[in-house]
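Notes to accompany the following structure.
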Amino acid sequence: FQNEINEVPFFDVQLPYELALKIFQYLGKAELGRCAQVSRTWKILAEDEVLWYRLCQEEGYLLDMSISDHSCWKLALKNCRAREHMLKTNWKNRVGAVSQLRYEPGRVLCDAHCSDGVVMAGYSSGEVRLWDTRTWDYRAPVLAAAPSPAGAGAPPHVSFVRINSSLAVAAYEDGSVSVWSLLLGREPIHHFQHHQHIQALALAPGGTAVATASGFQVKVEHPDDKGFWQAPETFEIQKLVNFLNLVPDVMGSPVAVAAAEDIVYLLKAEDPGGILHSVYGQPVTCLDVTAQEAAFGIKTFGWLLNEPNQILLYNLETNQCMTKVGNSIGDFSCVNLHSSPPNMLVAGNKDRRVRVFDLRRGEAACSVYGHQLGVSAVQMDEWKVVSGGQEGLVCVWDQRMGTKLWEMHAR
């Protein structure tokens, strides 16, 4: 004779449903499963969507969804846990899927870049393509090039491509640069021209600033608050630029860091010729920046032959060298500072070693060896390190144990 929706029997006490639900909120998955076997009334209560939605959120699944997005949150949590278990099992057993983004034969891949699962590629035919790997739809739309002058021949090769969450940028062999908005379509929203070949291209990771280096000139362009691209800020430097980065999260005018042979420039609108580091006979071999710091490798030779190659870390506010790490005979060929954990830095070397440095102690926390040629790219998170070699080998390492988890060869 009782109302099983509004009153729940707790032994010899009849409780309102909402109060009984509040008690059940303190139970975990196993306890709720046991309670569901007590009676039909307890089963209805133990499978309430509010309880399983809370458990799903507490375990970190489907955080961007509301309770109305699923009809059965108990099943949703089960599926999420099953997918995570499969991922861990496949990782430990080195089982994975390789997705190959192919284009028509006869097109030579000149450069590629990715951001948030969107891959951008530029080809010798002058075409620029995008792949969205998040949707598993690998059709590659073509980004339209800027209109060429009348009577122009074949389109120029693509030199560099860069992409972030809002913009895609391509630089061409003839010195032209095109900018597309990922939100507005395939037609370029901005186009500008250099008179010489472009040596470097940089795009702010989370912003809209674009920097290019051509000859002895560096240009930095960005739109104003209304979306109109302003006149470029032009910096004249003494040597040819080898590496170029934009400092992320900068308020006001963009700030660029450029490495030109043995000089590192900090290019600001209020200080157009600022030099961050300059030592004759020590060319820069790699460069990376964050909002507060710049890290770059230096090579010693000639009268400095007895000194090892190192990575220098500079503070961009004080323009002072904070620390020097690494004592290697080989040249540091790549460094990753911006995506590394706090106070950590990972670098690759031509001696085929990958080194993880603890910047607080100023020494290597991990050094691993597994490439046949020099290391060309590195990245790390809290416990994994990924490295790519010039021979085409991609390795994944556990930096806590200093061991290789698995490898894959890009033929």
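The values are calculated or read from the model by the stated rules, or taken from the named source; none is laboratory data. Bear in mind that the values here come from a model prediction, so they are computed numbers and not experimental data. All Cβ positions, even for glycine, are placed from backbone atoms using ideal geometry, and neighbour counts span all protein chains on display. Protein only, heavy atoms only, side chains kept; ligands, DNA and RNA dropped before computing areas. Shrake-Rupley method; radii C 1.70, N 1.55, O 1.52, S 1.80 Å.
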Worksheet entry | strands (runs of 3 or more DSSP E) contained entirely in segment 263-329, each with at least 1 residues that are farther than 20 Å from residue 376 by Cβ | 263-267, 275-278, 293-298, 309-315, 320-328
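Among the candidates 381, 331, 351, 398, single out the residue that is among the charged types (D, E, K, R) and touching a Leu at 6+ places or on another chain (Cβ under 8 Å). Even if it seems obvious, please write down each step before you answer.
Numbers: 381 fails: touching a Leu at 6+ places or on another chain (Cβ under 8 Å); 331 fails: touching a Leu at 6+ places or on another chain (Cβ under 8 Å); 351 fails: touching a Leu at 6+ places or on another chain (Cβ under 8 Å).
The match here is 398.
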Worksheet item: If residue 60 satisfies every condition in (1) open to solvent by less than 90 Å² (accessible area, probe 1.4 Å); (2) touching a residue at least 24 places away in the same chain (Cβ under 8 Å); (3) out of contact with any helix residue (DSSP H, G or I) (no Cβ under 8 Å at 6 or more places or on another chain) but one, which is the exception?
Response: (2)
Worksheet item: Do any residues in segment 153-181 that are among the charged types (D, E, K, R) have Cβ atoms under 8 Å from those of residues that are assigned to a loop (DSSP other than H, G, I, E, B) and open to solvent by 10 Å² or more (accessible area, probe 1.4 Å), where the two are at least six apart or on different chains, and which pairs are they?
Response: 173/156; 173/157; 173/197; 174/156
Discussion item. Here's a check for you: in segment 30-48, which residue that is assigned to a helix (DSSP H, G or I) and open to solvent by less than 60 Å² (accessible area, probe 1.4 Å) is farthest from residue 74 (Cα to Cα)?
Written reply: 41
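Which residues, counting only those in segment 83-106, are of a type in the set (Phe, Trp, Tyr) and outside any loop (DSSP other than H, G, I, E, B)? Show your work before the answer.
Taking segment 83-106 and keeping what is of a type in the set (Phe, Trp, Tyr), we get 91, 103.
If the condition is that a residue be of a type in the set (Phe, Trp, Tyr) and outside any loop (DSSP other than H, G, I, E, B), then 91 is the only one that fits.
Output the residues belonging to segment 1-29 that are open to solvent by less than 60 Å² (accessible area, probe 1.4 Å), among the aromatic types (Phe, Trp, Tyr) and at pLDDT 80 or above. Reasoning before the result, please.
Here is the first cut: in segment 1-29, the ones open to solvent by less than 60 Å² (accessible area, probe 1.4 Å) are 4, 8-10, 15, 17, 20-21, 24, 27-28.
Remaining after also requiring among the aromatic types (Phe, Trp, Tyr): 10, 17, 24.
Scanning segment 1-29 gives 17, 24.
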Practice prompt. Could you figure out which of (1) aliphatic (A, V, I, L, M); (2) at pLDDT below 90; (3) surrounded by 14 or more Cβ atoms within 10 Å (Cβ to Cβ) isn't true of residue 211?
Written response: (2)
Response to the item:
If we ask which residues in segment 67-82 are assigned to a helix (DSSP H, G or I) and exposed (fewer than 10 other Cβ atoms within 10 Å of the Cβ), their number turns out to be 1
